[in-house]
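Structure, as structure tokens:
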Amino acid sequence: MGRPLVLEPREKITSLRLTSCERNEMDARAEALGFKSLSDYLRHLHKAAVATEKNKETNIELEKYGTLIESHSTALGKIYQGNSLAYMHSHAGQNSVDLILTSPPFGLVRKKSYGNEDADAYCDWFRPFAEGFKRVLKDDGSLVIDVGGAWKSGTPTRSLYHFKLLIMLCEEYGFHLAQEHYWWNPSKLPSPAEWVNVRRVRVKDAINCVWWLSKTPFPRANNKRILSPYSDSMRTLLKNGYKAKMRPSGHDISSNFSVDNGGSVPPNLLAIANTESNGAYQDYCRENNIEIHPARFPALLPEYFIRFLTNPGDMVLDPFGGSCITGMVAEALARKWACVELSSEYIRGGIGRFQGNVEEAVRGRQAVYSINTPCSLPVNEEVVPLVADGGAAR
Ligand SMILES: C[S@@+](CC[C@H](N)C(=O)[O-])C[C@H]1O[C@@H](n2cnc3c(N)ncnc32)[C@H](O)[C@@H]1O
């Protein structure tokens with residue numbers, strides 16, 4: 001992968017006199033921290049020094065939602081500690097953000113479990129954020145929300161909170177559902193074990209909903225930015241050509257079908273294993289005795305939407321910043337960014353993401369996961385009766 005994109009060409013050359021010992025030490029340190037060159041390392045040291053100076057000056061006082069503290073800054077982005085309502089309602093300009101990409105907390109859903117009370121409470125809590133999103137998002141921008149579903153405690157039934165949230169955002173705040181995506185985590189363990197493994201009345205819950213919303217029906221996008229490699233059969237077809245004919249389904253497959261467009265348009269099912277238990281972020285947290293964020297999403301999730309929906313230089317906001325993976329990916333892709341996070345502990349870990357080479361976050365990688373069609377094992381129904389009480393008793 002090449003040098004990070006910079007908005008201005010680097011034309012100035014400076015020579016620096018060092019002893020060979022100094023030079024060796026600096027090279028060794030740069031390499032240990034993952035910098036590709038001494039120049040990258042020196043630029044990083046400079047930015048870190050400037051950011052520390054600025055942090056002393058920048059404490060933004062906001063009456064209503066508390067204080068925002070600029071905890072870290074890079075060439076392209078900033079991490080703020082505080083309530084993102086302060087950022088969206090006061091700090092940021094109106095129509096200043098091209099993409100809001102986030103995963104809000106959903107812990108409070110589990111606390112209440114009667115009727116739709118949990119979902120209604122969640123929507124009430126979310127309303128000021130929805131107002132903030134409307135305020136800061138540009139008309140041709142996108143709002144992408146990753147929400148995991150939740151089980152109602154004590155029953156094998158699901159909360160409706162994420163569907164109610166979607167309907168509220170569209171019906172009350174005028175967002176458009178550009179397209180729902182589903183993030184399939186192939187490495188997700190069966191849960192809750194009681195319903196899936198013990199009583200055997202539910203199946204493994206392995207997807208998160210990802211609502212892609214927009215202020216107008218026509219947010220900027222280009223699916224050619226996120227193509228997948230062609231399958232073997234498609235490659236054979238492209239090589240041997242395709243005879244235009246009508247399919248049994250009635251679809252008229254024209255000869256355009258055999259044009260090589262560089263890859264296939266992916267489905268709205270994003271197969272991304274969330275397996276990262278070891279890596280630079282975790283190492284940094286362990287070395288510095290920092291709590292590892294328990295609910296991180298993998299770098300590929302923000303990478304997909306940032307590439308799909310923004311250009312270099314555009315502004316990306318994560319108002320529930322967590323470990324600041326969105327900021328790191330945005331930085332690696334040369335987008336401007338801001339992450340706002342309440343917890344100073346999670347921010348300490350998030351800052352660690354910027355100590356090494358951020359480009360690591362978007363190093364090309366390909367994995368292929370397979371999934372069986374349903375009912376692919378024979379079963380004798382006589383010996384496998386239904387659980388007659390639906391799992392009410394153990
Ligand atoms: C699901 S986590 C986000 C994790 C993040 N996507 C990652 O991969 O690291 C949600 C985060 O939102 C933070 N949070 C909750 N309310 C907030 C608020 N009002 N302003 C800023 N952050 C908030 C929580 O502390 C939590 O870290």
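Here are some conditions: (1) away from the ligand (no atom under 16 Å from the Cβ); (2) over 18 Å from ILE272 (Cα atoms); (3) in a strand (DSSP E or B); (4) within 21 Å of the chain's Cα centre (by Cα). LYS134 meets all but one. Which one does it not meet?
(3)
Scan the range 285-293 and tell me whether some residue there is more than 10 Å from the ligand (Cβ to nearest atom), free of Cβ contacts under 8 Å to residues at least 60 places away in the same chain, assigned to a helix (DSSP H, G or I) and touching a helix residue (DSSP H, G or I) at 6+ places or on another chain (Cβ under 8 Å).
no
Going through the range 332-346 one residue at a time, which ones are more than 6 Å from the ligand (Cβ to nearest atom), in a strand (DSSP E or B) and of a type outside the set (Gly, Ala, Ser)?
Listed by number, the residues that qualify are LYS336, TRP337, CYS339.
Is it the case, given these coordinates, that ALA361 is without any contact (Cβ under 8 Å) to a residue 24 or more places away in the chain and either among the aliphatic types (A, V, I, L, M) or at positive phi (or both)?
So ALA361 does not fit the description; no.
Of the residues GLY313, GLY322, which single one is near the ligand (Cβ under 10 Å from one of its atoms), within 21 Å of LEU137 (Cβ to Cβ) and assigned by TED's automatic domain parsing to the domain that holds GLN81? Even if it seems obvious, please write down each step before you answer.
Numbers: GLY313 fails: near the ligand (Cβ under 10 Å from one of its atoms).
Testing whether each residue is near the ligand (Cβ under 10 Å from one of its atoms), within 21 Å of LEU137 (Cβ to Cβ) and assigned by TED's automatic domain parsing to the domain that holds GLN81 leaves just GLY322.
Testing ILE253 on (1) farther than 30 Å from PRO312 by Cβ; (2) modelled with pLDDT of 90 or more; (3) among the aliphatic types (A, V, I, L, M), one condition comes back false. Which one is that?
(2)
State which residue is nearest to the ligand (Cβ to nearest atom) when the search covers only the range 349-384 and only residues that are surrounded by fewer than 20 Cβ atoms within 10 Å (Cβ to Cβ) and charged (D, E, K, R).
GLU360
Provide a single number: the residues in the range 165-200 that are of a type outside the set (Gly, Ala, Ser) and within 24 Å of GLY322 (Cα to Cα).
Qualifying residue count, the range 165-200: 12.
Just to verify a result, which residue in the range 107-153, among those that are among the β-branched types (Val, Ile, Thr) and at pLDDT 90 or above, is surrounded by the fewest Cβ atoms within 10 Å (Cβ to Cβ)?
Of the range 107-153, the ones among the β-branched types (Val, Ile, Thr) are 109, 136, 144-145, 147.
With the extra rule that they be at pLDDT 90 or above, the set shrinks to 136, 144-145, 147.
Details: VAL136: 23, VAL144: 26, ILE145: 23, VAL147: 21.
By that ranking, first place goes to VAL147.
When you check GLY321 against the structure, is it touching a strand residue (DSSP E or B) at 6+ places or on another chain (Cβ under 6 Å) and either under 17 Å from LEU76 (Cβ atoms) or not aliphatic (A, V, I, L, M) (or both), yes or no? Spell out the reasoning first.
Working: touching a strand residue (DSSP E or B) at 6+ places or on another chain (Cβ under 6 Å): yes; either under 17 Å from LEU76 (Cβ atoms) or not aliphatic (A, V, I, L, M) (or both): yes.
Here the answer is yes, as GLY321 does meet what is asked.
State whether the residues of the range 274-282 include one that is out of contact with any Ser or Thr (no Cβ under 7 Å at 6 or more places or on another chain), at pLDDT below 85 and of a type in the set (D, E, K, R).
Yes, the range 274-282 contains a residue that is out of contact with any Ser or Thr (no Cβ under 7 Å at 6 or more places or on another chain), at pLDDT below 85 and of a type in the set (D, E, K, R).
Quick check: is even one residue across the range 65-81 touching a Leu at 6+ places or on another chain (Cβ under 6 Å), modelled with pLDDT of 95 or more, more than 11 Å from the ligand (Cβ to nearest atom) and not small (Gly, Ala, Ser)?
No, the range 65-81 contains no residue that is touching a Leu at 6+ places or on another chain (Cβ under 6 Å), modelled with pLDDT of 95 or more, more than 11 Å from the ligand (Cβ to nearest atom) and not small (Gly, Ala, Ser).
The values are calculated or read from the model by the stated rules, or taken from the named source; none is laboratory data. As the structure is a prediction and not an experimental result, all values here were calculated from the model. No Cβ is skipped: glycine too gets one built from the backbone with ideal geometry, and neighbour counts run over all protein chains shown.
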